[in-house]
Amino acid sequence: MSLRELYQEIVMDHYSDPRNFGKLDKADYTVHVNNPSCGDEIDLEIIVDNGKIEQVKFHGQGCVLSQASASMMTEMIQGKSITEIMNIADNFRYFITGKGEVNIDLEDLEIFEGVKQFPLRVKCACLAWSALREILQKI
Ligand code: ZN
C-alpha cells in the first residue's frame, strides 16, 4: 500500500467514523474555531483532571481533512498530561510547517506529510490543533 493510499484510508476512516464526536455534559474548557478560507468549523470541549485531559470531544463541520484531523487529535490526546500534549502540539506544528525539529513519534499524524506543500490545506489540518492550543493557554 502506498503512503497516499494509506493516507486516504486513514483520513476517510476518521471522517466517516469520527472518534470522540459530540458534546460533553460539563466541559471545563470549550473553544470554537473556524477556517473561513475553507468553511471549516470545530468546537472542542475538554475535561481536565489532575493535570490530564480526562475527556475530550469535538463537533463541527467542514472538509474531510479538518474533521479527520480533529478526530485523530482527540484520540491522540485523551488521557495524556497537559505537558505531554503541549509537546505533541508543538511537534505537529514543526512537522506540518517544516519549521522546527520533530523529536517525538507522531504515529498516524505522519500521514499528513503530503499536505505540507499546500498551505491552504495545512490550515485545514491544523484547525483542531489551534483549538487545542487556545485551550491549553487557558489551563
Ligand atoms: Zn478545510
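The values are calculated or read from the model by the stated rules, or taken from the named source; none is laboratory data. The shown structure was predicted, so the numbers you read here are calculated from the model rather than taken from an experiment. Note: ideal-geometry Cβ built from the backbone for every residue, glycine included; neighbour counts use all protein chains shown. Please note that ligands, DNA and RNA were not included when accessible areas were found on the heavy atoms of the full protein model with its side chains. Shrake-Rupley method; radii C 1.70, N 1.55, O 1.52, S 1.80 Å.
What to note about this one:
- Acute angle (nearest 10 degrees) that the helix 3-16 long axis makes with the longest principal axis of the chain, alpha-carbon atoms: 40
- Taking the Cα centre of the chain as reference, the dipole from Cβ charges on Lys and Arg (+1) and Asp and Glu (-1) amounts to some 440 debye.
- Surface exposure of segment 3-138, expressed per residue as accessible area with a 1.4 Å probe, stands at 53 Å².
- In segment 3-138, the convex hull through the Cα atoms has an average projected area of 7.7 nm², a quarter of its surface area.
- Within the accessible area of the chain (1.4 Å probe), percent carbon and sulfur: 47
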